[in-house]
Amino acid sequence: MNAYLTALLAIVRREASRFVSQRSRFFSALVRPLVWLVIFAAGFRAALGVSIIPPYETYITYEVYILPGLCGMIQLFNGMQSSLSLVYDQEMGSMRLLLTSPMPRWWLLFCKLLAGVAVSILQVYAFLGIASLYGIQLPWEGYLLVFPALIVSGLMLGALGLLISSTVKQLENFAGVMNFVIFPMFFLSSALYPLWKMAESSELLRDICAWNPFTHAVELIRFSLYVTPNLWALAVVAGCFLLFFGTALVGYDPARGLQRRSRG
């Protein structure tokens, strides 16, 4: 057990030191959702009224609706950015060195995920604090109950980035692949529009959004912020995490993935 904790602390400490040395990463993670909250939401407020839908008990403004989606945006971008460092570690050889340690491969990669999730949760809470100053008030219990939801959703999105990084050979290719994943996942979800609003335009788009794992991550965060359980969203997010993480383990198997790519 001491060896497992030592590995966890070492990986978290490495990620924390990298995060501290890249302070612009923290502020850039806040700029994107704040632009949506302050500028886009203000412009769409009159055009996009949101009716009474769970977990809300009254009509809400557009800023209130997109807040959980913007929290998910922070975790989505952070999960991909954290995986970008894995691609860099692959090229530098430190990832191969890490995976050849006596610790189980799944634990090492899981520690890497936890370290990235911890960073994303700090960013989300900083964003929620700014949103409260902006005038968006949430139930105080929601700030507590959203914490486990952020852990589960962050693990799922981080595992997706981990899966993608296991298939990318070069650092230059990861940026294109990352954009190909991030933007469809974000825009084809309930982060910006309710599913019933999407159905008014196209039933096909509505179905795509309903199948999008990011939609369920956003809804898990949304319901948690308003102290309402959403067991279906929790089950989908947890199931997707197990699927993504299990597949990524195969890609990071030195006997199947990294060594084979290095020979290629």
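The values are calculated or read from the model by the stated rules, or taken from the named source; none is laboratory data. The model shown is predicted, which means the values in this text are computed figures rather than measured ones. For neighbour counting, all protein chains shown are included, and Cβ atoms are generated from backbone atoms with ideal geometry for every residue, glycine included. Each accessible area value is taken on the protein alone, full model and side chains, heavy atoms only, with ligands, DNA and RNA left out. Shrake-Rupley method; radii C 1.70, N 1.55, O 1.52, S 1.80 Å.
Descriptive notes on the structure:
- For Ile60, residues with placed amide H under 5 Å, excluding near neighbours: Val50
- In this simple spin-label approximation, Leu34 and Phe187 carry label points 7 Å from Cα along the Cα→Cβ vector, and these lie 2.5 nm apart.
- Using a Förster distance of 30 Å, the FRET efficiency for Leu231-Thr167 (Cβ separation, nearest 0.05): 0.40
- FRET efficiency for the Leu145 to Ile60 pair, using the beta carbon distance and R₀ = 22 Å, is estimated at 0.70.
- Here the simple spin-label model places points 7 Å from the Cα toward Cβ, and for Ser132 and Trp211 these points are separated by 4.0 nm.
- Peptides ranked, highest mean first, by Cβ atoms within 10 Å: ranges 12-18, 223-229: 223-229, 12-18
- You can think of it this way: the chain between Arg18 and Leu5 has 2.7 nm of extra reach, that is 0.36 nm per residue less the Cα-Cα gap.
- The Phe26 and Trp107 beta-carbon pair, evaluated with R₀ = 22 Å, returns a calculated FRET efficiency of approximately 0.20.
- Shown in residue order for the stretch 184-192 are the 3J(HN,Hα) couplings computed by the Karplus curve 6.51 cos²θ - 1.76 cosθ + 1.60 at θ = phi - 60°: x, 5, 6, 6, 8, 8, 8, 5, 9 Hz (x for Gly and Pro).
- Taking every protein chain into account, the accessible area of the stretch 121-249 amounts to 46 square angstrom per residue (probe 1.4 Å).
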